[in-house]
Amino acid sequence: MTIAPAAVAPKPVDPAALISNLRWRYAVKKFDASKKIPEATWHALEQAAVLSPSSFGLQPWRFVVVKDAAVRAQLRAASWNQSQITDASHLIVFARRTTLGAEDVQRFIDSIAKVRGVPVASLDGYKNTMLGFAQQPGFDTALWAAKQVYIALGVFLAAAANLGIDACPMEGIDPKQYDELLRPALGGSYTTLCVATAGYRAADDAIAGMAKVRYDAGEVIKYL
């Protein structure tokens, strides 16, 4: 899919509203199962994940949106029986590439050439840079790919907050069981890393009204 550039410059979000939205969000522990995210809003969240930045732009990820209730019930059993898996409006699984080879680099180069209308040969320098990076001694594909996927997760969570959608990032899952259940969507080149549930918080979620605990900005932000 071609991601066209924005037709107009973005409309800046009010700084105070941005901080308010991020203060409002939290990792929801109990969702209202009766409330569903509107289709257009969910589509925007999917696009937020797709538009996430990644190293070299290689996008070593796959996002699996699980709609099947029966599959979600099985995934709940593989998630310490956490209710968010079945009660949230949407469940999205963030998976990473298990390999990064020359064919992956070439596929990306071909995509650049097609989208931007440039000769493939004009991208040889960039291709060789990526190949050199991926083929360096000791390169850890799993670690590198996981870092990129977590960037996408962060973008997804921030986008959800700004759209007024509750979400919960979750690592308390059994990735191997997830991979078995989601194999048709993951194929043989992706493996489960983490998930995010999204929807609307339940009125009786015990932690919804708790104050957000963060270290003082002066402690974690330094200027030189």
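Read-outs throughout are calculated quantities, based only on the coordinates presented, and are distinct from any laboratory measurement. All values reported here derive from a predicted model rather than from experimental measurement. Note that each Cβ is placed from the backbone with ideal geometry, even for glycine, and that neighbours are counted across all protein chains shown.
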Study note, to complete from the structure: A correct Karplus calculation of ³J(HN,Hα) over the stretch 211-222, with 6.51 cos²θ - 1.76 cosθ + 1.60, θ = phi - 60°, whole Hz and x for Gly and Pro, returns 5, 6, 9, 9, 5, 4, 4, x, 8, 9, 10, 10
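Quick check for me: using +1 on Lys/Arg Cβ and -1 on Asp/Glu Cβ, what's the dipole size of the stretch 112-224 about its Cα centre, in debye to the nearest 20? Show your work: numbers first, answer last.
Details: 10 positive and 11 negative charges, 104 e Å.
Its charge dipole is roughly 500 debye.
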Check your understanding: Could you give me the ³J(HN,Hα) list for the stretch 65-73, computed from phi with Karplus coefficients 6.51, -1.76, 1.60 and θ = phi - 60°, whole Hz, x at Gly and Pro?
Key -> 8, 9, 9, 5, 4, 5, 5, 5, 5
Exercise for review: Give me the net charge of Asp204's neighbourhood, meaning all other residues with Cβ under 12 Å from the Cβ of Asp204; Lys, Arg count +1, Asp, Glu -1.
Suggested key: +1
Exercise for review: Could you work out which residue, out of Phe108, Phe63, Phe31, moves most in a Gaussian network model of the chain, that is, has the largest mean-square fluctuation with Cα springs under 10 Å?
Suggested key: Phe108
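Once you charge only the Cβ atoms, +1 for Lys and Arg and -1 for Asp and Glu, what is the size of the charge dipole of the chain about its Cα centre, to the nearest 20 debye? List each step's numbers first, then the result.
Values: 24 positive and 20 negative charges, 40 e Å.
Result for the chain is approximately 200 debye, rounded to the nearest 20.
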Review point. Residue-wise, which Karplus ³J(HN,Hα) couplings in Hz belong to the stretch 141-158, taking 6.51 cos²θ - 1.76 cosθ + 1.60, θ = phi - 60°, and x for glycine or proline?
Key: 4, 4, 5, 4, 5, 4, 4, 5, 5, 5, 4, 4, 4, x, 4, 4, 5, 5
Exercise for review: Multiply the residue gap between Ala69 and Arg107 by 0.36 nm, knock off their C-alpha separation, and tell me the result in nm, one decimal place.
Suggested key: 10.2 nm
